[in-house]
Amino acid sequence: GGLAREWIFYLSQQMFDPYYGLFEYSREDVYTLNINPNSSVNPDHISYFYFVGRVVGMAVFHGHYIDAGFTLPIYKQLLGRQCNVDDLENVDPAFHKSMMWILNNDITGQLDDQTFAIDKNTFGEVSEFELMPGGKQQKVTEENKKQYVSLYVQHKLKNGSEQQINALKKGFYEIVPKELLQAFDEKELELLVCGLGNIDVEDWKSNTRLKGCSSESDVIKWFWKVVSEMDTEKRARLLQFVTGSARVPINGFSALRGSSTVNSGPRPFTIHLITSMSNLSLPKAHTCFNRLDIPEYCSYEILKDKLTMAIEEGGGFNVE
């Protein structure tokens with residue numbers, strides 16, 4: 001009942017508080033959490049992660065919600081699925097961009113000094129870490145770059161947190177069996193764990209920036225009409241589609257942040273009207289910038305249909 005919901009709410013606030021060293025805010029998104037790879041400063045950290053996993057599992061089992069949000073790679077790992085370079089796009093955009101450049105370009109003569117060994121920073125102490133046995137002697141070449149990126153990505157995602165995530169998964173699975181989760185993807189699991197949150201449409205509207213249009217433009221009027229007619233779940237899916245998270249910052253939409261290393265400060269929800277886009281196109285989301293690119297649809301019905309299709313079927317998704 002209400003008492004249990006309130007207990008889990010306040011307990012989760014304490015469990016996920018970065019002050020206690022178990023979790024840390026993701027680099028560019030201050031209201032989602034990663035596992036702190038240096039949580040071992042607390043000698044009992046593994047038992048705490050096991051406890052956290054059980055609490056999260058209990059919340060899901062009883063239909064309660066946790067007052068915190070993980071990064072999507074953590075949800076993916078809870079589902080037992082392999083992470084890849086795309087999963088780092090909202091966690092570390094600069095690293096993601098670097099890895100994509102390596103994959104998409106001929107690196108012959110570009111990374112002559114790069115080996116399968118990287119620098120690792122632990123409490124300010126920098127050491128060399130081999131991504132594979134003998135990594136110091138293995139040069140990165142055009143032929144082996146995919147292996148390099150794959151190993152680097154897996155290291156980046158785990159980064160000394162294998163024991164922690166395994167303890168979290170163990171506690172979680174003891175309450176919610178893994179086989180019951182196979183029907184969900186990581187975004188659906190996020191909604192299952194965190195709930196939909198309180199999405200205040202007026203706060204959303206008053207903290208939205210418009211590009212290429214004004215509040216008097218028909219498309220903008222139709223957009224907010226569609227949003228006002230949505231149920232809570234669809235609003236959360238729209239927010240997730242555009243920003244990468246179904247959760248609103250604790251201070252409301254005015255505190256919405258982007259994922260750009262150039263400007264990781266506040267980035268308002270933005271609607272960009274692009275007249276050159278076809279009426280047949282779906283809206284496109286740029287999650288790093290919290291921006292929705294939308295064509296100049298000729299009717300309310302078309303806008304509603306295209307927007308609904310984009311958020312429910314994942315069509316039209318694009319990231320800068």
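The values are calculated or read from the model by the stated rules, or taken from the named source; none is laboratory data. If you're wondering where the values come from, they're calculated on a predicted model, not measured in any experiment. Neighbour counts are summed over all protein chains in view; Cβ atoms, including those assigned to glycine, are modelled from backbone coordinates with ideal geometry. Remember, those area values only see protein heavy atoms, side chains included, never the ligands or the DNA or RNA. Shrake-Rupley method; radii C 1.70, N 1.55, O 1.52, S 1.80 Å.
A few remarks follow.
- Kirkwood hydrodynamic radius computed over region 1-136 comes to 17.6 Å, based on all pairs of distinct alpha carbons.
- Over the C-alpha trace of region 62-147, radius of gyration and Dmax come out as 16.8, 57 angstrom.
- Quotient of Cα Rg and 2.2 N^0.38 Å for the chain, N being how many residues it contains: 1.08
- Rounded to 5, percent antiparallel among DSSP beta bridges of the chain: 60
- Helix-only arithmetic for the chain: the sum of -39500 (n - 2.57) across DSSP H runs with n ≥ 4, divided by the residue total, places the mean residue ellipticity at 222 nm at -12500 deg cm²/dmol.
- In plain terms, if you count all Cα to Cα distances in region 170-243 and split them into 10 Å steps from zero, the share in each step is 15, 40, 23, 14, 8, 1 percent.
- For region 103-210, the alpha carbon positions stretch 54, 47, 33 Å along the principal axes, listed from largest to smallest.
- As a rough guide to protection, the peptides 278-285, 233-240 ranked by mean Cβ packing within 10 Å, highest first, stand as 233-240, 278-285.
- Counting only lysines at least 8 places from Lys145 when in the same chain, those with an alpha carbon closer than 17 Å to its own are Lys97, Lys136, Lys156.
- Alpha-carbon centroids, region 287-306 and region 60-126: separation in whole Å: 30
- Rg/Rh for region 190-232 (Cα atoms only, Rh after Kirkwood) is 1.07.
- When all protein chains stay in place and ligands, DNA and RNA are ignored, the 1.4 Å accessible-area order of Thr32, Thr108, largest first, is Thr108, Thr32.
- Ordered from largest to smallest accessible area (heavy atoms of protein chains, 1.4 Å probe), the residues Arg209, Arg257 come out as Arg209, Arg257.
- On the beta carbon distance between Ser278 and Asp86, with R0 = 30 Å, the FRET formula returns roughly 0.70.
- Of all lysines in the structure, the ones whose alpha carbon falls short of 30 Å from that of Lys234, not counting any fewer than 8 places away in one chain, are Lys76, Lys169, Lys178, Lys187, Lys205, Lys211, Lys221, Lys225, Lys284, Lys304, Lys306.
- For Leu103, solvent-accessible area (1.4 Å; no DNA, RNA or ligand), Å²: 50
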